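Heads up, the thing below is written out as structure tokens.
The values are calculated or read from the model by the stated rules, or taken from the named source; none is laboratory data. Because the structure is predicted, anything quoted here is derived from the model rather than measured. Backbone-built Cβ (ideal geometry, glycine too); neighbour counts: all protein chains shown.
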């Protein structure tokens, strides 16, 4: 669940489902080259999607440091 409209509360919020797993860096050597390549493609897709988000500032969430765009 995510809401940046402030309709329910005057703050942005996001709830995520916990997904158990292992760190990629821990299992990387156990994966095939094809499996690692597939993970890199998935990671690139996620980063590309995040990079398309436009806003007035970028940086850490409040109260962390942020900078105007």
Would the stretch 33-51 turn up any residue that is in contact with a strand residue (DSSP E or B) (Cβ under 9 Å, 6 or more places away or on another chain) and at negative phi?
-> no
* Asked: Quick check: anything in the stretch 29-41 surrounded by fewer than 10 Cβ atoms within 10 Å (Cβ to Cβ), modelled with pLDDT under 95 and not in a helix (DSSP H, G or I)?
  -> no
Looking at the structure I just gave you, is residue 23 farther than 24 Å from residue 1 by Cβ and surrounded by 10 or more Cβ atoms within 10 Å (Cβ to Cβ)? no
